[in-house]
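Novice: This is the structure, below, for whatever I ask next.
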Amino acid sequence: MFSSMNAQPGSGAPTIPFVRDAVQRAMIKVAWEIGGPISFDPAFGGGALLLQEANLLILGTSAFRPLGEQLFGQIGDLYGMDTLLVRFDAYQCSFDILFHGEGEWLSDYRQSLLGGQIWFVPAHEDQSFTVRADSQGLFLNPPMLPNSFYRPSAADIQPAGRDAA
């Protein structure tokens, strides 16, 4: 496990840029919704939450994508955990996900509730993977809705009569 003493400035370990209160609240909200005990690492001044049962590190930033991906990936590697990066600005909250040991971020996801479970789904309909989250961790899943499941347009809907002739 990464020692919090190593995260002090000047020690050579990565440090997290200042995290605004609004970002911290968004991080705490998603951690609470995922479930399980939440730990704070004081070395990161409120910028890192640990969900150890889920093997999940939650980090936060108000920086625009893709800023910070390398730094936050390094921090996740130091902890040996999957990383959920909460990106929060004045308009929206989005998420980037990095599974430990993988080199590529899943970027620009939105949180959704489906069947009482927390899901992270791509913000754009590009058929990317979905991620389910619970107190046991993050789970990669195939795209949630194939094209045939999307809501039909008004022109495609035929009026249905009561009697079939």
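The values are calculated or read from the model by the stated rules, or taken from the named source; none is laboratory data. Given the structure is predicted, the values throughout are model-derived calculations rather than measurements. Each accessible area value is taken on the protein alone, full model and side chains, heavy atoms only, with ligands, DNA and RNA left out. Shrake-Rupley method; radii C 1.70, N 1.55, O 1.52, S 1.80 Å.
Novice: If you stretched the chain out fully between ASP108 and PHE129, how much longer would it get, using 0.36 nm times the residue separation minus the C-alpha to C-alpha distance?
Specialist: Details: separation 21, 0.36 × 21 = 7.56 nm, distance 1.18 nm.
Contour length minus the Cα-Cα distance gives 6.4 nm.
Novice: How much accessible area per residue does region 35-93 have, counting only protein heavy atoms and a probe of 1.4 Å, in square angstrom?
Specialist: Values: 2550 Å² over 59 residues.
Here the per-residue accessible area is 43 Å².
Novice: Then there is this: Report the equivalent ellipsoid semi-axes for region 58-140 in whole Å, largest first, defined as the square roots of five times the eigenvalues of the gyration tensor built from alpha carbon atoms. Walk me through the numbers before you get to the answer.
Specialist: Values: eigenvalues 70, 53, 28 Å².
Gyration-tensor ellipsoid for region 58-140: 19, 16, 12 Å.
Novice: On to the next question. Largest first, what is the accessible-area ranking of ARG87, ARG25, ARG132 with a 1.4 Å probe? Please report the intermediate quantities before stating the final value.
Specialist: Numbers: ARG87 10, ARG25 150, ARG132 50 Å².
Output order, biggest surface exposure first: ARG25, ARG132, ARG87.
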